[in-house]
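A.B. asks: I'd like to ask some things about the structure below.
The values are calculated or read from the model by the stated rules, or taken from the named source; none is laboratory data. In this text, all values refer to a predicted model and were calculated from it rather than measured experimentally. Ideal geometry is used to build each Cβ from the backbone, glycine not excepted, and the neighbour counts take in all protein chains shown.
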Amino acid sequence: MNRLCYIGLIFVALVSCNKTKLSNRIEKSGLFENAQLTLKEAINFEKQIDSKDISYDHYVEIDEGFYPNKQKYNLTSVKTFLRADTNMNYSINYWSSSDDSIRAVLYEWNRQYVSQQNDTASMNVDQSSPQLFDAKFIELEKSISSVLGKPTLKNINPILSEETQRDDIKWVSPNSLNVYLLMFKDRGGYREIRMATYIK
């Protein structure tokens, strides 16, 4: 499979909002299977599924823990969108290199999204329970494993404490899609899920 065909499969597995039929048609039709996917195409896709642009007005780096950038691409742009979901709103960040090619994608499921814009109420800002986050994390692991196989690393903390802990799952491949799925959690109910996808 080519570079973004894998990402396309993951995207299809993740979409669960009221616009599922529309977005699945778009993603399955090949937009994210294009090995030369550009930031411009990703932006057009997000507009088609009515995502909200919550991008900063300046460049924001992606942490090396999420994207090691071993190929030393010159990342020049990032766009962030908020997708409305029936249970949990989530954001998606696209990082592109100077040729406009997408190099890394980061998803985030967070309890409260605060936009710089004034009409966030229309996005149904999420106040989800810890149980919904736990269920989403398990759902994501199953969806990704169905495409990429068994994780290369899995570290789950079964006992919650007052201090914030982190569950980590990684799918690592030198020549195809890499996925890093993690969830921050504590005994008080705090949850936050992040997932980074990239090639090489």
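A.B. asks: Pairs please, first residue from segment 93-113 and of a type in the set (Val, Ile, Thr), second anywhere and in a loop (DSSP other than H, G, I, E, B), Cβ atoms under 8 Å, 6+ apart in sequence or on different chains.
C.D. replies: ILE102/LEU37
A.B. asks: So in segment 41-54, with the set limited to residues that are touching a Ser or Thr at 6+ places or on another chain (Cβ under 9 Å) and surrounded by fewer than 16 Cβ atoms within 10 Å (Cβ to Cβ), which one is modelled with the highest pLDDT?
C.D. replies: Among those that are touching a Ser or Thr at 6+ places or on another chain (Cβ under 9 Å) and surrounded by fewer than 16 Cβ atoms within 10 Å (Cβ to Cβ), it is ASP53.
A.B. asks: Of the residues TYR107, TYR94, which single one is of a type in the set (Ser, Thr, Tyr) and touching a helix residue (DSSP H, G or I) at 6+ places or on another chain (Cβ under 6 Å)?
C.D. replies: Answer to the selection: TYR94.
A.B. asks: Moving on. Looking only at segment 128-151, count how many residues are under 19 Å from the mean Cα position of the chain (by Cα), assigned to a loop (DSSP other than H, G, I, E, B) and polar (S, T, N, Q).
C.D. replies: Result for segment 128-151: 1.
A.B. asks: Still on this structure, I have one more. Would you point out the residue of segment 152-177, among those that are surrounded by fewer than 21 Cβ atoms within 10 Å (Cβ to Cβ) and closer than 14 Å to PRO68 by Cα, that is modelled with the highest pLDDT?
C.D. replies: LYS170
A.B. asks: Moving on. What are the pairs, 6+ residues apart or on separate chains, where a residue within segment 146-169 that is more than 15 Å from TYR180 (Cβ to Cβ) has its Cβ under 6 Å from a residue that is aromatic (Phe, Trp, Tyr)?
C.D. replies: Once the first residue is more than 15 Å from TYR180 (Cβ to Cβ) and sits in segment 146-169, its partners that are aromatic (Phe, Trp, Tyr) give THR164/PHE184.
A.B. asks: Of LYS47, LYS72, which residue is without any contact (Cβ under 8 Å) to a residue 24 or more places away in the chain, assigned to a helix (DSSP H, G or I) and basic (Lys, Arg)?
C.D. replies: Checking each option against the conditions leaves just LYS47.
A.B. asks: For segment 50-69, give me each residue that is of a type in the set (Ser, Thr, Tyr) and either without any contact (Cβ under 8 Å) to a residue 60 or more places away in the chain or under 25 Å from PRO174 (Cβ atoms) (or both).
C.D. replies: SER51, SER55, TYR59, TYR67 - these are the residues of segment 50-69 that are of a type in the set (Ser, Thr, Tyr) and either without any contact (Cβ under 8 Å) to a residue 60 or more places away in the chain or under 25 Å from PRO174 (Cβ atoms) (or both).
A.B. asks: So if I check each of PHE81, PHE66, which one is assigned to a loop (DSSP other than H, G, I, E, B) and either surrounded by 13 or more Cβ atoms within 10 Å (Cβ to Cβ) or of a type in the set (Lys, Arg) (or both)?
C.D. replies: PHE66
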